[in-house]
Amino acid sequence: MAGPIQTNERIILYDIIRGFALCGIFLVNIPTMLGSDWMFGRPDYAGSDLFVRTLFDLFVQTKFYTIFSLLFGIGFSIFLERSYARGESVSRYIRRIAILFLFGLAHLAIWSGDILHTYAMWGLLLPLFYGLSNRAILTWAWGLLTVSFLLFNVAPIYVEWAFGYMYLGESFPTVFNSGFGPWLDYRFDNEILTMIQNSLFVGIEILGLFLLGLFIGRERKLLTWSIQGLTRTAAICAIAAIPFWGIIIWHHYGDGASYVSTNSAAVWISGKLLATTYVCLFTVAVRKGRTFAPLQALGRMALTNYLTHTLIIVLPVIALRAYGALSLTEGLFLSIAILIAQSFFSMWWLKGHRYGPFEKLWRLGTYGRQTKSS
(Lines give C-alpha, C1' and ligand atoms only; values in the text may rest on other atoms or scores of the structure.)
Protein backbone atom coordinates (compact mmCIF):
# COMPACT_ATOMS: atom_id res chain seq x y z
CA MET A 1 0.00 0.00 0.00
CA ALA A 2 1.31 3.46 -0.88
CA GLY A 3 2.29 5.64 2.04
CA PRO A 4 1.80 9.37 2.55
CA ILE A 5 3.03 11.59 -0.27
CA GLN A 6 6.29 13.38 0.44
CA THR A 7 6.74 17.15 0.06
CA ASN A 8 8.07 17.11 -3.52
CA GLU A 9 5.39 14.61 -4.56
CA ARG A 10 2.75 16.81 -2.93
CA ILE A 11 3.69 19.77 -5.14
CA ILE A 12 3.76 17.51 -8.21
CA LEU A 13 0.27 16.23 -7.39
CA TYR A 14 -1.16 19.74 -7.09
CA ASP A 15 0.59 20.84 -10.29
CA ILE A 16 -0.85 17.89 -12.22
CA ILE A 17 -4.38 18.51 -10.99
CA ARG A 18 -3.99 22.23 -11.67
CA GLY A 19 -2.82 21.51 -15.22
CA PHE A 20 -5.80 19.23 -15.78
CA ALA A 21 -8.14 21.90 -14.43
CA LEU A 22 -6.56 24.50 -16.71
CA CYS A 23 -7.40 22.33 -19.74
CA GLY A 24 -11.03 22.09 -18.69
CA ILE A 25 -11.30 25.81 -17.96
CA PHE A 26 -10.01 26.63 -21.43
CA LEU A 27 -12.53 24.26 -23.03
CA VAL A 28 -15.28 26.06 -21.14
CA ASN A 29 -13.97 29.55 -21.90
CA ILE A 30 -13.12 29.33 -25.58
CA PRO A 31 -16.75 29.36 -26.85
CA THR A 32 -17.33 32.77 -25.27
CA MET A 33 -13.88 33.97 -26.33
CA LEU A 34 -14.66 33.08 -29.95
CA GLY A 35 -18.31 34.11 -29.85
CA SER A 36 -19.66 30.67 -30.76
CA ASP A 37 -21.51 30.74 -27.43
CA TRP A 38 -21.64 34.29 -26.13
CA MET A 39 -21.57 34.64 -22.37
CA PHE A 40 -25.16 35.93 -22.14
CA GLY A 41 -26.60 34.00 -25.05
CA ARG A 42 -28.05 30.50 -25.40
CA PRO A 43 -27.92 29.61 -29.10
CA ASP A 44 -29.82 26.70 -30.61
CA TYR A 45 -27.31 23.94 -31.19
CA ALA A 46 -27.54 21.23 -33.83
CA GLY A 47 -25.38 18.46 -35.25
CA SER A 48 -21.82 18.29 -33.96
CA ASP A 49 -22.25 21.52 -31.96
CA LEU A 50 -25.14 19.99 -30.03
CA PHE A 51 -23.04 16.91 -29.33
CA VAL A 52 -20.09 19.03 -28.14
CA ARG A 53 -22.34 21.21 -25.98
CA THR A 54 -23.81 18.09 -24.37
CA LEU A 55 -20.35 16.65 -23.70
CA PHE A 56 -19.32 19.96 -22.15
CA ASP A 57 -22.31 19.96 -19.83
CA LEU A 58 -21.77 16.31 -18.91
CA PHE A 59 -18.04 16.29 -18.28
CA VAL A 60 -16.58 19.81 -18.36
CA GLN A 61 -18.90 22.66 -17.36
CA THR A 62 -18.57 23.66 -13.65
CA LYS A 63 -16.19 20.75 -12.98
CA PHE A 64 -12.94 22.57 -13.48
CA TYR A 65 -13.44 25.93 -11.82
CA THR A 66 -14.50 23.80 -8.84
CA ILE A 67 -11.13 22.02 -8.90
CA PHE A 68 -9.25 25.27 -9.45
CA SER A 69 -11.01 26.88 -6.49
CA LEU A 70 -10.23 23.91 -4.25
CA LEU A 71 -6.58 24.18 -5.27
CA PHE A 72 -6.60 27.88 -4.40
CA GLY A 73 -7.74 27.01 -0.89
CA ILE A 74 -5.11 24.28 -0.63
CA GLY A 75 -2.43 26.69 -1.86
CA PHE A 76 -3.57 29.27 0.66
CA SER A 77 -3.14 26.78 3.52
CA ILE A 78 0.39 25.96 2.32
CA PHE A 79 1.31 29.63 1.89
CA LEU A 80 0.17 30.68 5.35
CA GLU A 81 1.62 27.58 6.97
CA ARG A 82 5.04 28.44 5.54
CA SER A 83 4.67 32.13 6.34
CA TYR A 84 3.83 31.48 9.98
CA ALA A 85 6.68 28.97 10.21
CA ARG A 86 9.04 31.80 9.17
CA GLY A 87 7.48 34.11 11.73
CA GLU A 88 5.83 36.33 9.14
CA SER A 89 2.50 38.10 9.42
CA VAL A 90 -0.42 37.86 7.04
CA SER A 91 0.69 41.05 5.27
CA ARG A 92 2.65 39.14 2.63
CA TYR A 93 -0.44 37.13 1.76
CA ILE A 94 -2.44 40.34 1.42
CA ARG A 95 0.23 41.73 -0.91
CA ARG A 96 0.07 38.52 -2.96
CA ILE A 97 -3.72 38.81 -3.22
CA ALA A 98 -3.50 42.49 -4.19
CA ILE A 99 -1.18 41.63 -7.07
CA LEU A 100 -3.55 38.89 -8.18
CA PHE A 101 -6.37 41.44 -8.18
CA LEU A 102 -4.34 43.74 -10.44
CA PHE A 103 -3.70 40.85 -12.81
CA GLY A 104 -7.42 40.22 -12.78
CA LEU A 105 -8.35 43.82 -13.52
CA ALA A 106 -5.96 43.95 -16.48
CA HIS A 107 -7.35 40.65 -17.74
CA LEU A 108 -10.93 41.81 -17.17
CA ALA A 109 -10.29 44.80 -19.40
CA ILE A 110 -9.82 42.35 -22.27
CA TRP A 111 -12.26 39.56 -21.45
CA SER A 112 -15.37 39.36 -19.28
CA GLY A 113 -14.72 35.79 -18.14
CA ASP A 114 -11.78 36.64 -15.89
CA ILE A 115 -11.81 34.75 -12.60
CA LEU A 116 -8.66 36.20 -11.03
CA HIS A 117 -10.31 39.35 -9.70
CA THR A 118 -13.06 37.21 -8.12
CA TYR A 119 -10.46 34.95 -6.51
CA ALA A 120 -8.64 37.97 -5.13
CA MET A 121 -11.78 39.67 -3.79
CA TRP A 122 -12.92 36.60 -1.90
CA GLY A 123 -9.47 35.19 -1.19
CA LEU A 124 -8.80 38.28 0.90
CA LEU A 125 -11.25 36.88 3.47
CA LEU A 126 -9.48 33.55 3.92
CA PRO A 127 -7.16 34.63 6.77
CA LEU A 128 -10.29 35.24 8.86
CA PHE A 129 -11.04 31.51 8.67
CA TYR A 130 -7.53 30.12 9.02
CA GLY A 131 -7.63 29.88 12.81
CA LEU A 132 -11.05 28.22 12.97
CA SER A 133 -11.52 24.55 13.80
CA ASN A 134 -11.98 22.07 11.00
CA ARG A 135 -15.60 21.63 11.98
CA ALA A 136 -16.24 25.36 11.77
CA ILE A 137 -14.49 25.60 8.39
CA LEU A 138 -16.56 22.75 6.97
CA THR A 139 -19.75 24.26 8.38
CA TRP A 140 -19.00 27.56 6.66
CA ALA A 141 -18.00 25.81 3.42
CA TRP A 142 -21.12 23.68 3.09
CA GLY A 143 -23.30 26.55 4.26
CA LEU A 144 -21.95 28.89 1.57
CA LEU A 145 -22.29 26.25 -1.14
CA THR A 146 -25.87 25.55 -0.09
CA VAL A 147 -26.78 29.24 -0.06
CA SER A 148 -25.20 29.69 -3.48
CA PHE A 149 -27.16 26.79 -4.94
CA LEU A 150 -30.44 28.02 -3.48
CA LEU A 151 -29.91 31.58 -4.68
CA PHE A 152 -29.03 30.76 -8.26
CA ASN A 153 -31.01 27.60 -8.96
CA VAL A 154 -34.13 27.05 -6.86
CA ALA A 155 -36.08 30.17 -7.79
CA PRO A 156 -35.35 29.95 -11.55
CA ILE A 157 -36.33 26.27 -11.54
CA TYR A 158 -39.61 27.06 -9.79
CA VAL A 159 -40.45 29.82 -12.28
CA GLU A 160 -39.51 27.56 -15.15
CA TRP A 161 -41.75 24.70 -14.09
CA ALA A 162 -44.61 26.84 -12.77
CA PHE A 163 -44.89 29.37 -15.57
CA GLY A 164 -43.00 27.83 -18.48
CA TYR A 165 -40.44 30.62 -18.54
CA MET A 166 -37.60 30.10 -20.97
CA TYR A 167 -34.49 32.26 -21.20
CA LEU A 168 -33.78 32.84 -24.87
CA GLY A 169 -30.60 34.82 -24.38
CA GLU A 170 -29.21 37.60 -26.54
CA SER A 171 -27.07 37.71 -29.63
CA PHE A 172 -23.63 39.18 -29.08
CA PRO A 173 -23.26 42.92 -29.73
CA THR A 174 -22.26 43.84 -33.28
CA VAL A 175 -19.70 46.19 -31.76
CA PHE A 176 -17.57 43.10 -31.08
CA ASN A 177 -16.83 43.03 -34.81
CA SER A 178 -16.23 46.76 -35.14
CA GLY A 179 -12.54 46.94 -34.22
CA PHE A 180 -10.63 47.67 -31.03
CA GLY A 181 -11.94 51.18 -30.37
CA PRO A 182 -15.69 50.50 -30.26
CA TRP A 183 -15.05 47.16 -28.58
CA LEU A 184 -13.03 48.72 -25.76
CA ASP A 185 -15.63 51.46 -25.32
CA TYR A 186 -18.33 48.81 -24.98
CA ARG A 187 -16.21 46.81 -22.54
CA PHE A 188 -15.66 49.79 -20.23
CA ASP A 189 -19.18 51.19 -20.55
CA ASN A 190 -21.20 47.99 -20.23
CA GLU A 191 -19.26 44.98 -19.02
CA ILE A 192 -16.37 45.57 -16.63
CA LEU A 193 -18.32 47.09 -13.74
CA THR A 194 -21.08 44.52 -14.21
CA MET A 195 -18.58 41.67 -13.97
CA ILE A 196 -17.10 43.06 -10.75
CA GLN A 197 -20.60 43.34 -9.29
CA ASN A 198 -21.39 39.78 -10.37
CA SER A 199 -18.29 38.62 -8.52
CA LEU A 200 -19.96 39.63 -5.26
CA PHE A 201 -22.62 36.97 -5.88
CA VAL A 202 -20.57 34.32 -7.66
CA GLY A 203 -18.01 34.61 -4.89
CA ILE A 204 -20.37 33.01 -2.37
CA GLU A 205 -19.77 29.66 -4.02
CA ILE A 206 -16.10 30.41 -4.67
CA LEU A 207 -15.45 31.17 -0.98
CA GLY A 208 -17.16 27.92 -0.02
CA LEU A 209 -14.86 26.00 -2.36
CA PHE A 210 -11.85 27.91 -1.00
CA LEU A 211 -12.77 26.77 2.49
CA LEU A 212 -13.11 23.15 1.41
CA GLY A 213 -9.66 23.46 -0.13
CA LEU A 214 -8.36 25.00 3.09
CA PHE A 215 -9.63 21.99 5.03
CA ILE A 216 -8.19 19.52 2.52
CA GLY A 217 -4.81 21.26 2.52
CA ARG A 218 -4.59 21.65 6.26
CA GLU A 219 -5.51 18.03 6.94
CA ARG A 220 -3.45 16.63 4.03
CA LYS A 221 -6.52 14.69 2.91
CA LEU A 222 -5.27 13.99 -0.60
CA LEU A 223 -1.83 13.10 0.66
CA THR A 224 -2.66 10.54 3.33
CA TRP A 225 -5.99 9.09 2.28
CA SER A 226 -5.75 5.42 1.30
CA ILE A 227 -5.91 4.45 -2.35
CA GLN A 228 -8.93 2.30 -1.57
CA GLY A 229 -10.71 5.26 0.00
CA LEU A 230 -9.89 7.54 -2.93
CA THR A 231 -11.04 4.97 -5.48
CA ARG A 232 -14.25 4.26 -3.61
CA THR A 233 -15.05 7.96 -3.33
CA ALA A 234 -14.40 8.49 -7.05
CA ALA A 235 -16.76 5.63 -7.94
CA ILE A 236 -19.52 6.78 -5.57
CA CYS A 237 -19.44 10.34 -6.92
CA ALA A 238 -19.47 9.17 -10.54
CA ILE A 239 -22.45 6.91 -9.90
CA ALA A 240 -24.26 9.69 -8.03
CA ALA A 241 -23.81 11.95 -11.07
CA ILE A 242 -25.65 9.58 -13.42
CA PRO A 243 -29.20 10.85 -12.67
CA PHE A 244 -28.05 14.41 -13.35
CA TRP A 245 -26.47 13.30 -16.61
CA GLY A 246 -29.91 12.00 -17.50
CA ILE A 247 -31.39 15.47 -16.97
CA ILE A 248 -28.67 17.04 -19.12
CA ILE A 249 -29.24 14.59 -21.98
CA TRP A 250 -33.02 15.09 -21.67
CA HIS A 251 -32.49 18.84 -21.92
CA HIS A 252 -30.33 18.63 -25.06
CA TYR A 253 -31.83 15.64 -26.88
CA GLY A 254 -35.23 15.01 -25.28
CA ASP A 255 -38.25 17.14 -24.54
CA GLY A 256 -36.52 19.33 -21.97
CA ALA A 257 -35.10 22.00 -24.26
CA SER A 258 -37.03 24.78 -22.51
CA TYR A 259 -35.84 23.75 -19.04
CA VAL A 260 -32.62 25.76 -19.07
CA SER A 261 -32.47 26.38 -15.32
CA THR A 262 -33.14 22.73 -14.54
CA ASN A 263 -30.26 21.79 -16.79
CA SER A 264 -28.03 24.39 -15.12
CA ALA A 265 -28.78 22.92 -11.70
CA ALA A 266 -27.99 19.41 -12.95
CA VAL A 267 -24.73 20.68 -14.42
CA TRP A 268 -23.87 22.39 -11.11
CA ILE A 269 -24.49 19.31 -8.96
CA SER A 270 -22.83 16.88 -11.36
CA GLY A 271 -19.95 19.32 -11.56
CA LYS A 272 -19.22 19.02 -7.86
CA LEU A 273 -19.51 15.23 -7.99
CA LEU A 274 -17.31 14.79 -11.05
CA ALA A 275 -14.74 17.28 -9.79
CA THR A 276 -14.35 15.02 -6.76
CA THR A 277 -14.04 11.98 -9.03
CA TYR A 278 -11.38 13.65 -11.17
CA VAL A 279 -9.31 14.78 -8.18
CA CYS A 280 -9.46 11.37 -6.52
CA LEU A 281 -8.49 9.50 -9.70
CA PHE A 282 -5.52 11.76 -10.40
CA THR A 283 -4.38 11.40 -6.80
CA VAL A 284 -4.53 7.62 -7.11
CA ALA A 285 -2.56 7.73 -10.37
CA VAL A 286 0.16 9.92 -8.83
CA ARG A 287 0.32 7.68 -5.77
CA LYS A 288 0.98 4.80 -8.17
CA GLY A 289 3.86 6.61 -9.84
CA ARG A 290 2.32 8.41 -12.83
CA THR A 291 3.92 11.78 -13.55
CA PHE A 292 1.74 13.29 -16.35
CA ALA A 293 4.62 15.54 -17.47
CA PRO A 294 2.56 17.71 -19.89
CA LEU A 295 -0.14 18.39 -17.28
CA GLN A 296 2.48 19.03 -14.62
CA ALA A 297 4.15 21.63 -16.82
CA LEU A 298 0.82 23.28 -17.63
CA GLY A 299 0.02 23.40 -13.91
CA ARG A 300 3.35 24.92 -12.92
CA MET A 301 2.68 27.72 -15.40
CA ALA A 302 -1.09 27.86 -14.88
CA LEU A 303 -1.26 31.65 -14.45
CA THR A 304 0.83 32.30 -17.56
CA ASN A 305 -1.10 29.79 -19.63
CA TYR A 306 -4.47 31.07 -18.41
CA LEU A 307 -3.68 34.68 -19.32
CA THR A 308 -2.10 33.62 -22.60
CA HIS A 309 -5.39 32.01 -23.66
CA THR A 310 -6.95 35.45 -23.78
CA LEU A 311 -4.02 37.08 -25.56
CA ILE A 312 -3.89 34.51 -28.36
CA ILE A 313 -7.66 34.16 -28.81
CA VAL A 314 -9.57 37.30 -27.87
CA LEU A 315 -7.21 39.96 -29.26
CA PRO A 316 -6.79 38.33 -32.70
CA VAL A 317 -10.54 37.66 -32.93
CA ILE A 318 -11.33 41.32 -32.27
CA ALA A 319 -8.55 42.51 -34.59
CA LEU A 320 -9.80 40.27 -37.42
CA ARG A 321 -13.45 41.09 -36.64
CA ALA A 322 -14.10 37.35 -36.50
CA TYR A 323 -16.24 37.17 -33.35
CA GLY A 324 -18.82 34.44 -33.89
CA ALA A 325 -17.09 33.15 -37.03
CA LEU A 326 -16.15 29.72 -35.65
CA SER A 327 -18.54 27.04 -34.50
CA LEU A 328 -18.47 25.34 -31.12
CA THR A 329 -16.91 22.23 -32.70
CA GLU A 330 -14.21 24.25 -34.46
CA GLY A 331 -13.47 26.00 -31.19
CA LEU A 332 -13.05 22.65 -29.46
CA PHE A 333 -10.39 21.49 -31.92
CA LEU A 334 -8.67 24.87 -31.78
CA SER A 335 -8.52 24.74 -27.98
CA ILE A 336 -7.07 21.21 -28.02
CA ALA A 337 -4.36 22.32 -30.46
CA ILE A 338 -3.51 25.34 -28.31
CA LEU A 339 -3.32 23.24 -25.13
CA ILE A 340 -0.97 20.76 -26.81
CA ALA A 341 1.24 23.63 -27.98
CA GLN A 342 1.19 25.18 -24.50
CA SER A 343 2.18 21.90 -22.88
CA PHE A 344 5.24 21.61 -25.13
CA PHE A 345 6.14 25.27 -24.59
CA SER A 346 5.73 24.94 -20.83
CA MET A 347 7.94 21.86 -20.67
CA TRP A 348 10.57 23.65 -22.76
CA TRP A 349 10.38 26.84 -20.71
CA LEU A 350 10.68 25.06 -17.38
CA LYS A 351 13.90 23.37 -18.44
CA GLY A 352 15.58 26.74 -18.06
CA HIS A 353 13.35 28.54 -15.54
CA ARG A 354 11.81 27.70 -12.20
CA TYR A 355 8.65 29.72 -12.90
CA GLY A 356 6.56 30.90 -15.80
CA PRO A 357 6.78 34.60 -16.78
CA PHE A 358 3.64 35.71 -14.94
CA GLU A 359 4.38 33.39 -12.00
CA LYS A 360 7.80 35.02 -11.76
CA LEU A 361 6.25 38.49 -11.78
CA TRP A 362 3.70 37.47 -9.15
CA ARG A 363 6.43 36.00 -6.95
CA LEU A 364 8.61 39.07 -7.36
CA GLY A 365 5.73 41.30 -6.27
CA THR A 366 5.07 39.04 -3.28
CA TYR A 367 8.61 38.53 -2.00
CA GLY A 368 10.59 41.33 -3.60
CA ARG A 369 13.91 40.62 -5.26
CA GLN A 370 14.43 36.88 -5.62
CA THR A 371 16.91 35.16 -3.40
CA LYS A 372 17.88 31.51 -3.11
CA SER A 373 16.10 31.21 0.22
CA SER A 374 12.82 32.76 -0.91
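For the range 74-94, how many residues are touching a Gly at 6+ places or on another chain (Cβ under 7 Å) and surrounded by fewer than 18 Cβ atoms within 10 Å (Cβ to Cβ)? Count: 1. Among the residues of the range 174-190, those that are modelled with pLDDT of 90 or more and polar (S, T, N, Q) comprise Asn177, Ser178.
So, of the residues in the range 117-146 that are within 24 Å of Arg187 (Cβ to Cβ) and in contact (Cβ under 8 Å) with a residue 40 or more places away in the chain, which turns out to be surrounded by the fewest Cβ atoms within 10 Å (Cβ to Cβ)? Applying the filter and picking the extreme gives Met121. For the condition in contact (Cβ under 8 Å) with a residue 60 or more places away in the chain and closer than 25 Å to Ser264 by Cα, Ile12 does not qualify.
Report yes if some residue within the range 35-49 is under 22 Å from Asp15 (Cβ atoms) and touching a residue at least 60 places away in the same chain (Cβ under 8 Å); otherwise report no. Checking the range 35-49: not a single residue is under 22 Å from Asp15 (Cβ atoms) and touching a residue at least 60 places away in the same chain (Cβ under 8 Å). Of all the residues in the range 100-109, those that are surrounded by fewer than 17 Cβ atoms within 10 Å (Cβ to Cβ) and touching a residue at least 60 places away in the same chain (Cβ under 8 Å) number 1. Is it true that Ile236 is surrounded by fewer than 21 Cβ atoms within 10 Å (Cβ to Cβ) and in contact (Cβ under 8 Å) with a residue 24 or more places away in the chain? No; evaluated as a whole, the condition is false for this residue. In this structure, does Ser171 turn out to be more than 18 Å from the chain's Cα centre (by Cα), modelled with pLDDT under 95, in a loop (DSSP other than H, G, I, E, B) and of a type in the set (Gly, Ala, Ser)? Considered against the rule, which asks whether it is more than 18 Å from the chain's Cα centre (by Cα), modelled with pLDDT under 95, in a loop (DSSP other than H, G, I, E, B) and of a type in the set (Gly, Ala, Ser), Ser171 comes out as yes.
Picking from residues in the range 276-308 that are in contact (Cβ under 8 Å) with a residue 60 or more places away in the chain and more than 17 Å from Trp349 (Cα to Cα), the one that is surrounded by the fewest Cβ atoms within 10 Å (Cβ to Cβ) is Lys288.
So if I check each of Asp37, Asp44, which one is surrounded by fewer than 17 Cβ atoms within 10 Å (Cβ to Cβ), closer than 25 Å to Ser261 by Cβ and among the acidic types (Asp, Glu)? From the options Asp37, Asp44, the qualifying one is Asp44. I'd like to verify a number: residues in the range 239-257 that are within 16 Å of Asp57 (Cβ to Cβ), surrounded by fewer than 18 Cβ atoms within 10 Å (Cβ to Cβ), out of contact with any His (no Cβ under 8 Å at 6 or more places or on another chain) and of a type in the set (Gly, Ala, Ser), how many? Count: 3. Of the residues making up the range 247-263, those that are without any contact (Cβ under 8 Å) to a residue 12 or more places away in the chain and of a type outside the set (D, E, K, R) number 4.
Test of understanding: among Ile318, Ile338, Ile313, which residue is touching a residue at least 12 places away in the same chain (Cβ under 8 Å), crowded, with 16+ Cβ neighbours inside 10 Å, assigned to a helix (DSSP H, G or I) and more than 22 Å from the chain's Cα centre (by Cα)? On inspection, the qualifying residue turns out to be Ile318.
Identify the residue in the range 191-232 that is in a helix (DSSP H, G or I) and among the aromatic types (Phe, Trp, Tyr) and, among all such residues, is surrounded by the fewest Cβ atoms within 10 Å (Cβ to Cβ). Once the filter is applied, the top-ranked residue is Phe201.
The values are calculated or read from the model by the stated rules, or taken from the named source; none is laboratory data. Every value quoted in this text rests on a predicted model; they were computed, and no experiment measured them. Positions of Cβ are backbone-derived with ideal geometry, glycine not excepted, and every protein chain shown enters the neighbour counts.
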